[in-house]
Each structure stands twice: as structure tokens, then as C-alpha cells.
Amino acid sequence: MLPFGISIEGYVGLTAALLLLAVVLALVRAMGMLRRARTLPFFMLRRQTVNGAWRLIVLAGVLAIGAGLVRGLGASAYFSIYPPTPTSTPSPTPSLTPTITSTPTITLTPTMTLSPTITLTPTITLTPTETGTPTATSTPVIDPSVLQLFVSSVTPQPGTVFSPLLFAQELDGAGLPINPATEFESPAGFLFGQFSYDGMTIGVQWSALWYRDGMLVHSETHPWREEDGTGGNGFTEWDPEIWLPGEYEVQIFVGQEFKNSGRFSVVGDPVTKTPTPSLTPSRTLTPTWTPTLTRTPTLTRTPTPTRTRTPVPTRTP
């Protein structure tokens with residue numbers, strides 16, 4: 001660290017003393033030059049000597065100010081650049097570092113003896129509750145009520161695939177959904193569950209089951225038609241009287257094997273279909289009464305005054 005075992009305060013004091021010594025020497029030198037200038041016979045020499053003396057006096061003043069700054073701020077300036085370490089013996093501030101000896105408070109770690117409470121970790125054995133997740137992985141089973149409606153005995157091909165269903169209120173000419181959505185406002189009207197398929201067998205029984213909140217509310221099942229082909233786009237459809245709000249799921253089965261499904265929701269108050277608006281055109285019948293006014297032409301009978309035959313009495317002659 002510091003040579004000769006001198007402390008920072010010692011160096012600061014020594015530096016200040018040297019600066020003060022330089023001040024004294026500068027002043028002595030300046031006074032000597034002033035006295036010598038009085039004896040010089042030439043004006044220019046006297047002027048140069050006096051100017052040199054004043055420069056020494058100014059230098060002495062600067063050194064005196066520097067000595068004061070070193071004495072007052074030297075130690076703090078040094079410690080701001082080189083922070084004291086616990087090995088620095090002199091300054092009392094490092095003696096405060098023995099507070100680091102408070103680190104034996106780490107001996108409180110024996111509280112770790114409470115770790116037997118970690119024996120409570122067997123509560124992690126509660127994770128078998130996650131064994132309930134197989135319900136999500138369990139494949140749906142076709143409803144027995146739909147199974148009773150099967151009429152085909154054709155065995156499905158194992159390579160048959162169906163895409164997830166998309167739901168929309170309209171399909172385009174290619175059988176693709178227009179503006180598919182997962183949420184519909186009641187009354188949703190006619191809904192299509194569109195899907196693509198491949199590897200279908202002609203005549204095999206296929207089914208579409210519509211569930212609302214886990215309850216079967218609609219189903220269709222029939223043999224696969226030849227005109228539908230083995231691959232392409234297909235759909236299942238439904239238009240109930242009332243769309244009840246809830247979560248809906250449509251499941252597709254080929255035979256008794258689940259293929260794919262899709263979900264959507266209906267929101268809003270249920271609204272029944274009322275054909276009453278069609279009755280309003282019947283009110284147009286009321287204008288049909290106006291033709292009765294056409295009876296006014298009966299007033300044309302006024303020409304009856306043509307009974308001018310009364311002149312016949314002139315035959316009396």
C-alpha cells in the first residue's frame with residue numbers, strides 16, 4: 001500500500017509542510033530581489049528584478065492556498081479515489097469495517113434445522129390430482145341413442161381423416177365457410193359446421209353430434225353418399241327453433257370412431273322464431289275496399305227525363 005508505513009494523514013501533513021516551506025523560500029527570495037533592485041543603477045534591470053520579485057510573491061500566495069487545500073481536503077480526496085480497505089491501518093474509518101464481523105449473524109443459518117418442515121413436501125403427492133387430465137385426452141364416444149340409428153354395415157377405413165370444424169352462417173360455392181367465427185349472437189340462425197376429409201369409404205356410416213354444455217341437442221347420421229367422394233369439403237348443419245346461449249361442440253364420427261370436433265359459443269338472450277312479421281302484408285287488403293266507391297256511376301241514370309213522350313196527346317184531333 002503506502003511506502004514507509006506512513007498514513008494518508010502523514011502524507012497530507014508532509015505535503016502541506018513542504019508547500020509552506022516553498023512559500024517561505026519564495027517570499028525570502030522575493031524580498032532579497034526587492035532589496036537588490038534598489039541598488040541597481042539601470043532602470044530596466046531594476047524593473048525586471050522587481051517584476052521577478054512580484055512573480056515570486058504571487059507564486060508564494062498560490063502555494064499557500066495549495067497548502068491549505070491539501071491540509072483540509074487531501075485525505076478525503078484520496079479516500080474518494082481509493083476507498084479505504086480493512087487492511088489500511090491508519091484512518092479510523094476502516095475501523096468501522098469490523099462491523100463486517102456482524103456476518104457471524106449468518107450463524108443463524110442453524111434455523112435451517114427447521115428444514116424438517118420440508119418433510120411437508122410429501123404434499124407434492126397431491127399432484128396425482130393432475131391424473132384427472134386424462135379426461136381431456138380421453139376420446140369422445142358416440143352416444144348410444146345415435147348408435148341405434150346406424151343402418152350401414154360397411155367397415156370404415158383406418159386412414160380416414162377429418163379436419164377440425166369451422167362454423168359460419170354461409171358457405172361459398174366451393175363449400176368453404178364465409179366469415180367463420182367461434183362466437184355467434186342469438187338468434188344465430190342457420191349454422192354450418194364445415195370440414196375437409198380424405199380416405200372416406202362409400203356407404204360407411206358417419207355421424208355429426210351437436211352438444212351444448214355437454215348435453216346432446218342434435219345429431220345426424222347416415223351412410224356416406226357416393227356423390228360426396230372419398231375426399232373434399234363437407235359440412236353438417238343445424239337450425240334450431242331457439243339458440244340457447246352456451247358452449248357448443250360438434251363431434252364427427254365415422255362408424256363408432258371419433259375423428260375430429262369443433263367448438264363455438266352462442267351469446268345473448270334466446271329469441272324464438274316468430275313468423276308474425278309475415279302477417280303485416282295482409283294489412284294491404286284494406287285498400288281493396290276502395291273499389292266499392294266505383295258504384296257512384298249509378299248516378300248516370302239521371303237521363304231518365306227523356307219521357308218527353310207526353311206530347312202524344314196531340315192525337316186528340
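Each reported figure results from applying straightforward, stated rules to the coordinates on display, with no laboratory input. Only a predicted model underlies this, so the values are computations on that prediction, with no experimental measurement involved. Note: ideal-geometry Cβ built from the backbone for every residue, glycine included; neighbour counts use all protein chains shown.
On full extension, the segment bounded by Val141 and Ile202 gains 19.7 nm, given 0.36 nm per residue less the C-alpha separation.
Extending 7 Å from the Cα toward the beta-carbon at both Gln169 and His218 defines two label points whose distance is 1.4 nm. Sorted from longest to shortest, the spans of the Cα atoms of the stretch 3-81 along the three principal axes equal 55, 22, 15 Å.
Between the stretch 137-207 and the stretch 16-36, how many Å separate their Cα centres? First find each Cα centre; the distance between them is then 110 Å.
Counting charges near Pro177 (Lys, Arg +1; Asp, Glu -1) among other residues having Cβ under 13 Å from its Cβ returns a value of -3. Neighbour counts of C-beta atoms inside 10 Å place Val154, Val146 in the sequence Val154, Val146, starting with the fewest.
Among Leu191, Leu73, the order by Cβ neighbours within 10 angstrom, fewest to most, reads Leu73, Leu191. Find out how many positive minus negative residues lie around Met215, taking Lys and Arg as positive, Asp and Glu as negative, among other residues whose Cβ is under 13 Å from that of Met215. So the surrounding residues net to -3.
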